[in-house]
Amino acid sequence: MTAITNDTEFRRQLEGLDYARQRAAARFIEHVLDLCDDERIGRVAKVAANPNASADELATALHSARAAAIDSHARCGADSDWKEQAGYFVARAATAAVSPEGQVAAGPAWQAAMSSRMAQTSMAIETPEDTAGQERLAQYRILSEFLNA
Amino acid sequence: MSGATLGRGINAFKEVIDAPTAAFFNSCVHCGMCAESCLFFTETRDPKYTPVHKLEPLRKTWWQEYTFLGRISKALGLSKPVTDEELTQWETLVYDSCTLCGRCSMVCPVGNDLTYMIRNMREGMAASGHAPEGLIGATKRAVTIGSPMGVKLPALQAQIRHTEEEIGMTIPVDVEGADYLCTLSSMEIMNFPEFIGAIAKIFKQAGVSWTLSSEAFEATNSGIQIGVSEIAAELVERIVTVAEKLKVKAVISPECGHAYMAIRWEGPNLIGRPYSFKVVHILELLDDLRKQGRLKTSGKETQRLTYHDPCQIARRGGVVEQPRNLLKMVAENFVEMPDTGTMNWCCGAGGGVSAIERADEVKMKAFKRKKAQFDAIQPDALVSACANCRIQLEEGLEENYMDIPVLSLTETIAEHLVAEPQSEARQT
């Protein structure tokens, strides 16, 4: 029975997953999906969550995720809107989750987890609320459940 | 920027017509070579984008005010003064379709620095009320909030907390006596916060003493982009004040093109005194660490990588060899684009263009030049060292259905650092 309680263990467990199982990151994305109003990301998360997704489906999903990230980034010189920025980080999490093997140096699942936390950080950037900390704990639980299933 | 009038604009034009500018106008041989060096012209073939044509109101002012024939023509009413309508027409030429990339200055056969003149012309455009809304907003936020994108200290602190958690290291802030004060662009804080973690990891491995500042973290300078020297000087002064207060030996300019130009090359002239510290671009510092054997990497990218030179860093800043030295450490299959280094083509979004929404169409037309460079070498991935270039490259690639990832050079180096023993990682 695995019970993850810290980031060192969290990362070690993620790194131990093979490339296909790294797409467990879809569960992290689903957990922050309501922070992103781009419908493409929901579809990408579904593809990522499907262990039988074909290479073509993954490539299409990657293209959608990248496009969503590009569409939602903060424009240079524009007034910051951190709530919108949360959507950008969810799109980046989705991009990492469906990236080809070897393309995300930190590992797709770890990168997706970090970007998902960054989305929560963005939502609470001007409040004292530790939503990213709550997200971290949620990710420990999600991964523990995945590993124990 | 308040109280802008045509009269103020014309006065500003007169003030910026110094000896070099007068000499440049006088020596232009109308050869048109600057046109072929400007990506806004080459990708549209519209003669209005010829760099020297963009200067026409300034040239007219010079002729009417500082030449014998021009003064007579003006006095006799044969030469009409510059009007508001004319400046309205030129606004899009001076701001939307010039990235201050400096390529035109490189090719002029008589050595005219057209970029210098356009930079100066923007002083008059802003003073006359003909600066774009996007740049006005960014500049106001830079003055009142400290960031053109309105990024406040709590936002940076939140990103620092996130980074510390992610990499298991403490990010130093306001450390007096550190060797280096690192500045950031708002684009990095908002879009690419991984940059903070990348430099932290590199500096830890190399044993670099560094700090961020809670008072002056913003590297960019929209005063230069819009053309208001007083504001540009104030923004430089904020960094200088903090650097002196923290007694650092050097200020690091981050992966941002114009920020380097502003603090490294224009800064001392803007504030009217030399710095008591050095200014280095992050790539200069990383290359120095490499030379000293303090940057240790392992493994190499096997994909076909190319490097996009940000104009203000390479052509106007002189940082050309350093990124290539660094890429040799981590790239097995590096390939140069045609027209690279100091003659590289701009991404199309520098000099404030990316802050102007109405310029989106023309900047994507200009990107076709970059696309042609990529088509020639078919890279698997692009590396660059400017957050603004990265965004424009990503947008341009997406628009042109080109599936090529865009990477930060600093982040790529950080990803290849020799791993630390696991026991040093901090438990959250």
Enumeration of residues in region B:275-305 that are under 20 Å from the mean Cα position of the chain (by Cα) and outside any helix (DSSP H, G or I): B:Lys278, B:Val279, B:Val280, B:His281
Quick one: is B:Glu361 within 9 Å of chain A (Cβ to nearest Cβ) and either assigned to a helix (DSSP H, G or I) or touching a helix residue (DSSP H, G or I) at 6+ places or on another chain (Cβ under 7 Å) (or both)? no
Contacts under 8 angstrom Cβ, first residue in region A:124-144 being closer than 28 Å to A:Met1 by Cα and in contact (Cβ under 8 Å) with a residue 24 or more places away in the chain, partner in a helix (DSSP H, G or I) and of a type in the set (S, T, N, Q), 6 or more apart: A:Glu135/A:Ser116; A:Glu135/A:Gln120; A:Gln139/A:Ser116; A:Leu143/A:Gln13
So, of the residues in region B:332-358 that are surrounded by fewer than 24 Cβ atoms within 10 Å (Cβ to Cβ) and closer than 22 Å to B:Arg122 by Cα, which turns out to be nearest to the other protein chains (Cβ to nearest Cβ)? B:Glu357
Quick one: A:Leu137 ticks every box in (1) within 11 Å of chain B (Cβ to nearest Cβ); (2) aliphatic (A, V, I, L, M); (3) surrounded by fewer than 17 Cβ atoms within 10 Å (Cβ to Cβ); (4) closer than 29 Å to B:Thr302 by Cα bar one, so which box is it? (4)
Of a type in the set (A, V, I, L, M) and within 20 Å of B:Ser408 (Cβ to Cβ): which single residue out of B:Ala387, B:Ala359, B:Ala376, B:Ala372 fits that description? B:Ala387
Which of the numbered conditions does B:Ala250 fail, given that it passes all the others? Conditions: (1) out of contact with any helix residue (DSSP H, G or I) (no Cβ under 9 Å at 6 or more places or on another chain); (2) at pLDDT 95 or above. (1)
Any residue at all in region A:32-40 that is under 11 Å from A:Ile142 (Cα atoms) and hydrophobic (A, V, I, L, M, F, W, C)? no
Among residues of region A:45-86 being within 14 Å of chain B (Cβ to nearest Cβ) and acidic (Asp, Glu), the residue farthest from the chain's Cα centre (by Cα) is A:Asp79
Just to confirm my filter: which helices (runs of 4 or more DSSP H) fall fully inside region B:11-72 and include at least 3 residues that are under 22 Å from B:Lys363 (Cβ atoms)? B:33-37, B:39-42, B:51-54
Sort out which residues of region A:72-110 are over 21 Å from A:Ala124 (Cβ atoms) and in contact (Cβ under 8 Å) with a residue 60 or more places away in the chain, and write them in order of number. A:Ala96, A:Ala97, A:Val98, A:Glu101, A:Gly107, A:Pro108, A:Ala109, A:Trp110
Which one is surrounded by the most Cβ atoms within 10 Å (Cβ to Cβ), of the residues in region B:137-166 that are facing chain A (nearest Cβ under 10 Å), among the hydrophobic types (A, V, I, L, M, F, W, C) and part of a helix (DSSP H, G or I)? B:Ala138
Considering region A:10-36, residues that are of a type in the set (Asp, Glu) and modelled with pLDDT of 95 or more, and then whichever is nearest to A:Ser72 (Cα to Cα), we arrive at A:Asp34
Give the number of residues within region B:136-155 that are in contact with a helix residue (DSSP H, G or I) (Cβ under 6 Å, 6 or more places away or on another chain) and under 18 Å from B:Asn191 (Cβ atoms). 7
What's the number of the condition B:Pro323 fails, among (1) within 21 Å of B:Leu286 (Cα to Cα); (2) surrounded by 20 or more Cβ atoms within 10 Å (Cβ to Cβ); (3) over 20 Å from the mean Cα position of the chain (by Cα)? (3)
Can you say whether B:Val82 is touching a Cys at 6+ places or on another chain (Cβ under 8 Å), surrounded by fewer than 22 Cβ atoms within 10 Å (Cβ to Cβ) and not in a helix (DSSP H, G or I), as far as the supplied structure shows? no
Which residues, taken from region B:190-208, are touching a helix residue (DSSP H, G or I) at 6+ places or on another chain (Cβ under 8 Å), over 19 Å from B:Tyr260 (Cβ atoms) and more than 13 Å from chain A (Cβ to nearest Cβ)? B:Ala200, B:Ala206
Being among the charged types (D, E, K, R) and not in a helix (DSSP H, G or I) is the filter; apply it to region B:377-423 and report the residue that is surrounded by the fewest Cβ atoms within 10 Å (Cβ to Cβ). B:Asp403
Any residue at all in region B:305-317 that is modelled with pLDDT under 95 and more than 14 Å from chain A (Cβ to nearest Cβ)? yes
Enumeration of residues in region B:344-393 that are acidic (Asp, Glu) and touching a Leu at 6+ places or on another chain (Cβ under 9 Å): B:Asp380
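The values are calculated or read from the model by the stated rules, or taken from the named source; none is laboratory data. In this text, all values refer to a predicted model and were calculated from it rather than measured experimentally. Virtual Cβ from ideal backbone geometry, glycine too; neighbours counted across all protein chains shown.
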